[in-house]
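Contents: one structure, followed by commentary.
The values are calculated or read from the model by the stated rules, or taken from the named source; none is laboratory data. Nothing here was measured: the structure is a model prediction, and the numbers come from that model. Note that we place each Cβ from the backbone using ideal geometry, even for glycine, and neighbour counts take in every protein chain shown.
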């Protein structure tokens with residue numbers, strides 16, 4: 001195999017991939033990618049993975065442990081990433097040879113990372129963001145893919161979907177959606193990089209639609225959790241999820257007229273919504289909130305139930321509410337509006353099923 | 001109130017409603033309708049309900065028991081239907097004054113009922129079918145609404161949605177979708193007849209789309225049950241539900257080009273699919289089938305688990321398969337095809353996540 005690869009390399013330089021981030025989902029992404037780069041001659045075998053360095057309880061560096069064991073012993077223990085995954089704690093060094101960058105960090109770190117990368121990346125580099133939960137500002141959402149494009153001057157696709165990392169890590173069947181802006185050929189190259197027999201990737205020309213699905217679904221998951229907490233049954237839960245999907249679609253299209261209805265039928269849309277509303281931490285904390293009957297706050301329950309992890313749904317609901325009230329759209333989005341009003345204690349949990357005002 | 005009503009009646013004859021059927025869902029429908037006919041002057045207060053007569057264990061007739069207690073003691077015990085619901089065991093008598101007929105019986109009885117009603121109904125009568133699970137024949141689906149229209153020469157809408165009857169009976173929030181062919185005004189009148197603060201009804205001009213959603217979702221529920229039986233997790237289940245929804249949409253549009261994508265975002269589409277794939281008997285039996293690892297048949301498990309109730313998903317999968325093979329469409333519908341091949345023992349349950357051939 002290597003002979004063919006080397007021969008090809010002399011003709012066409014192969015794409016080199018760096019994964020920027022090495023948490024749970026980043027490690028699974030590196031595993032998926034590494035299984036393809038060794039097989040497909042258009043990619044260089046080696047996958048570099050930037051690791052935000054940590055010292056493990058035994059005193060060892062996380063990056064060193066990953067390189068010695070081929071496992072992310074902290075964030076994805078027990079799963080071999082592939083010998084061709086090289087952990088690198090030096091961000092600038094990790095990206096310097098790459099022309100395909102996979103961003104998969106907590107969203108609040110993206111701006112700082114991009115700032116450090118300005119002027120440090122190769123020309124014609126392409127990026128993809130796997131980051132769900134970007135910021136929504138009053139004037140509209142500030143999308144992570146846009147932030148990366150603006151700060152680094154490079155094109156950025158997104159990959160979203162019903163992707164619980166630990167299930168993909170053990171190769172359970174799953175799907176994802178890549179959203180791209182213009183260049184379909186590059187989007188298809190990203191799809192080849194991620195696609196495996198157990199991880200199917202489709203490609204749609206709707207970067208904003210795909211990315212907004214990933215964020216707004218967390219608001220719907222809060223609503224679904226409230227329904228669970230009040231034991232309202234599958235009928236009501238399905239109705240709330242459907243109304244939530246309708247509002248996700250309507251808001252996305254109002255904010256970005258290019259957004260397509262068909263995107264919401266993709267993995268990033270209906271499937272991710274289902275996964276998030278069945279499991280997921282937003283659902284879980286909202287369930288506890290409804291059960292507490294207004295006696296405990298989301299902040300308190302988050303601290304108690306999530307062990308340091310953060311909810312996105314409550315803050316996204318607040319940001320969405322700001323957009324809606326700024327534009328006078330509250331009546332058009334009763335579910336989004338009601339979720340926020342319940343979160344801040346202005347309405348009881350039971351208000352989640354009171355939609356007469358919308359009819 | 002009655003004064004106003006009577007005054008109006010002298011000017012415009014009010015619509016008179018008969019519910020043809022009195023099972024679990026039929027009784028809930030009668031309750032919903034009866035709560036509106038007493039409030040809305042365009043409808044005559046009385047709701048007649050045709051009861052397929054049965055003798056109760058105590059020797060009493062079911063119809064008599066319903067009229068004495070205002071409860072369907074057999075199929076919806078504990079729920080008051082409204083004093084204005086009159087049970088009538090005589091089919092021809094039950095419909096003779098009506099100009100709005102609500103069909104809600106097991107689908108195999110519809111043809112026989114319609115045969116008895118030919119020439120017995122008032123001119124300009126309108127119908128609505130709440131019957132899910134119509135027959136699919138090789139040349140295409142034979143829809144219940146079409147059967148009613150063809151046999152009785154009357155227009156027929158459909159009402160479908162995420163409607164677990166017992167949850168609506170106790171007034172838990174839910175939604176439904178009415179599909180109509182031409183006459184929007186009449187569809188909206190049906191919506192007024194059913195709509196309550198806890199039961200929201202929307203109206204779409206897509207009778208086939210709405211009706212096909214109600215049937216085809218049962219095939220997807222079999223697939224979801226198989227995934228549950230193999231403990232594949234939420235990711236995989238969401239993916240399978242999404243692929244199922246895509247095939248429901250694609251097949252409906254191939255069979256009836258008038259079918260609209262937007263219908264699948266309604267309660268009859270994504271919401272009913274979610275409810276059915278979370279609970280539901282098709283899901284339950286398929287789960288047991290996958291757990292038995294091919295050792296037990298669907299027939300055997302159905303008899304054991306459903307206590308006389310029948311699965312629709314397995315027979316619908318077979319009928320869908322006949323349509324697909326007749327037209328050479330199997331490769332375009334890998335999920336529908338695979339469900340049937342698993343049901344008949346030709347493929348193992350694990351095949352439900354092997355879709356490489358579709359990509």
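Within region B:92-124, restricting attention to residues that are in contact (Cβ under 8 Å) with a residue 60 or more places away in the chain and closer than 19 Å to residue B:160 by Cα, the residue that is farthest from the chain's Cα centre (by Cα) is B:100. Could you grab me the full set of residues in region A:126-145 that are surrounded by fewer than 18 Cβ atoms within 10 Å (Cβ to Cβ) and either closer than 21 Å to residue A:266 by Cβ or without any contact (Cβ under 8 Å) to a residue 40 or more places away in the chain (or both)? Listed by number, the list holds a single entry, A:142.
When each of B:303, B:288, B:250 is tested for being at pLDDT 95 or above, surrounded by fewer than 20 Cβ atoms within 10 Å (Cβ to Cβ), away from chain A (no Cβ under 12 Å) and not in a loop (DSSP other than H, G, I, E, B), the lone residue that passes is B:288.
Being facing chain A (nearest Cβ under 10 Å), touching a helix residue (DSSP H, G or I) at 6+ places or on another chain (Cβ under 8 Å) and assigned to a helix (DSSP H, G or I), is that true of even one residue in region B:314-323? I'd like the intermediate steps shown before the answer.
In the first step, residues of region B:314-323 are kept if they are facing chain A (nearest Cβ under 10 Å); the result is none.
No, because not a single residue in region B:314-323 is facing chain A (nearest Cβ under 10 Å), touching a helix residue (DSSP H, G or I) at 6+ places or on another chain (Cβ under 8 Å) and assigned to a helix (DSSP H, G or I).
Do we find a residue being crowded, with 24+ Cβ neighbours inside 10 Å, away from chain A (no Cβ under 12 Å) and not in a helix (DSSP H, G or I) anywhere in region B:199-206? Yes, some residue in region B:199-206 is crowded, with 24+ Cβ neighbours inside 10 Å, away from chain A (no Cβ under 12 Å) and not in a helix (DSSP H, G or I). Exactly one residue among B:176, B:98, B:162 is assigned to a loop (DSSP other than H, G, I, E, B), within 21 Å of residue B:269 (Cβ to Cβ) and in contact with a strand residue (DSSP E or B) (Cβ under 8 Å, 6 or more places away or on another chain), and that residue is B:162.
Here region A:176-198 is the region considered, the condition is being in contact (Cβ under 8 Å) with a residue 24 or more places away in the chain and more than 15 Å from residue A:158 (Cβ to Cβ), and the residue that is farthest from the other protein chains (Cβ to nearest Cβ) is A:192.
Quick check on my filter: what residues within region A:253-276 are over 14 Å from residue A:214 (Cβ atoms), more than 8 Å from every other protein chain (Cβ to nearest Cβ) and out of contact with any strand residue (DSSP E or B) (no Cβ under 9 Å at 6 or more places or on another chain)? Matches in region A:253-276: A:253, A:254, A:257, A:258. Once region B:148-172 is narrowed to residues that are away from every other protein chain (no Cβ under 14 Å) and within 15 Å of the chain's Cα centre (by Cα), the residue that is surrounded by the most Cβ atoms within 10 Å (Cβ to Cβ) is B:158.
Return the residue satisfying two criteria in turn: it lies in region A:219-243 and is surrounded by fewer than 24 Cβ atoms within 10 Å (Cβ to Cβ) and either in a helix (DSSP H, G or I) or away from chain B (no Cβ under 12 Å) (or both), and of such residues it is nearest to the chain's Cα centre (by Cα). Filtering region A:219-243 for residues that are surrounded by fewer than 24 Cβ atoms within 10 Å (Cβ to Cβ) and either in a helix (DSSP H, G or I) or away from chain B (no Cβ under 12 Å) (or both), the one nearest to the chain's Cα centre (by Cα) comes out as A:228.
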